[in-house]
Structures are given as C-alpha cells and as structure tokens.
Amino acid sequence: RRLKAPKRLKTEERVTDDDQERVTDDGQDAPAAPAPAPAPLADGIFSTDVFASVAGLSPNLVRQLEYMGFKTMTAIQQLSIPVVLKGNDTLIRCQTGSGKTLAFLVPAFQKLFAL
C-alpha cells in the first residue's frame, strides 16, 4: 500500500521537516508563536492542613518540606498521603498542578527514611 505525501500548507508559514523551525516563504525565520496561557487552578485545590498533622510522617521530613516552602497540603495530598502511608494501592487523578507528584513522593520518602 502506497502512502500519499502530505499536502503543503497554503499559508505563508510552514514547518520544515528537517529542523521543525517555523519559516516564511522567503526563507526567513518567522517569529515564534506566543505560548498559550496556562489554565487557572480550580477552587478547592488547597487545604488548610499542614504536613505535620499527618500521622506517621517523620518530623525531619516535615521540616524539610517546610524548608522547601511546602507549608500546607493540597486537597489531593490531604486525601492520599495517609492512604499511601498505610500501604494501600492508590490511583490518583487530578488537575495538573494540584500536587499529585508530592502526594506520591512524601510517602515514598517516608518509607525510605524508615529503612
């Protein structure tokens, strides 16, 4: 089966296959398109609970989190960290920027500190 070559763009601007740079028909670099603004976080992402309130977290880990600027937990961290610390399997689905990575890493570091 034979594949057809893709059609050329009809606009004055096209993307070359070689270097993926934007060029105009006269061969000059085209100005880069502005990046889209990130979507704002939904209300209710942040919690008022602090990491020190989580049972089973090492004081040293809490101190390091506070040193790095993590004073309060997000809602997903508040819900998931205690569950993960108990050793339960979890599936976390939440908006980008809501704290999922830290919700996974805090229990992981706690397990490492316990070794």
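A quick yes/no check of all residues on (1) of a type in the set (Val, Ile, Thr); (2) in contact with a strand residue (DSSP E or B) (Cβ under 6 Å, 6 or more places away or on another chain); (3) modelled with pLDDT under 60:
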{"position": "GLU21", "(1), (2), (3)": "no, no, yes"}
{"position": "ASP25", "(1), (2), (3)": "no, no, yes"}
{"position": "ALA33", "(1), (2), (3)": "no, no, no"}
{"position": "SER47", "(1), (2), (3)": "no, yes, no"}
{"position": "VAL50", "(1), (2), (3)": "yes, yes, no"}
{"position": "ALA55", "(1), (2), (3)": "no, no, no"}
{"position": "SER58", "(1), (2), (3)": "no, no, no"}
{"position": "VAL62", "(1), (2), (3)": "yes, no, no"}
{"position": "TYR67", "(1), (2), (3)": "no, no, no"}
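Pick out the one residue from ALA5, ALA37 that is over 18 Å from the mean Cα position of the chain (by Cα) and either modelled with pLDDT of 55 or more or farther than 19 Å from ALA114 by Cβ (or both).
Numbers: ALA37 fails: over 18 Å from the mean Cα position of the chain (by Cα).
Exactly one of ALA5, ALA37 is over 18 Å from the mean Cα position of the chain (by Cα) and either modelled with pLDDT of 55 or more or farther than 19 Å from ALA114 by Cβ (or both), namely ALA5.
If you check LYS86 against the conditions, is it modelled with pLDDT of 60 or more and out of contact with any Gly (no Cβ under 8 Å at 6 or more places or on another chain)? Don't jump to the end; show me each part of the working.
Details: modelled with pLDDT of 60 or more: yes; out of contact with any Gly (no Cβ under 8 Å at 6 or more places or on another chain): yes.
Judged against the criteria, LYS86 is a match.
The values are calculated or read from the model by the stated rules, or taken from the named source; none is laboratory data. Here the structure is a predicted model, which is why all the values come from computation and not from measurement. Please note: Cβ atoms are built from the backbone with ideal geometry, for glycine as well, and neighbour counts cover all protein chains shown.
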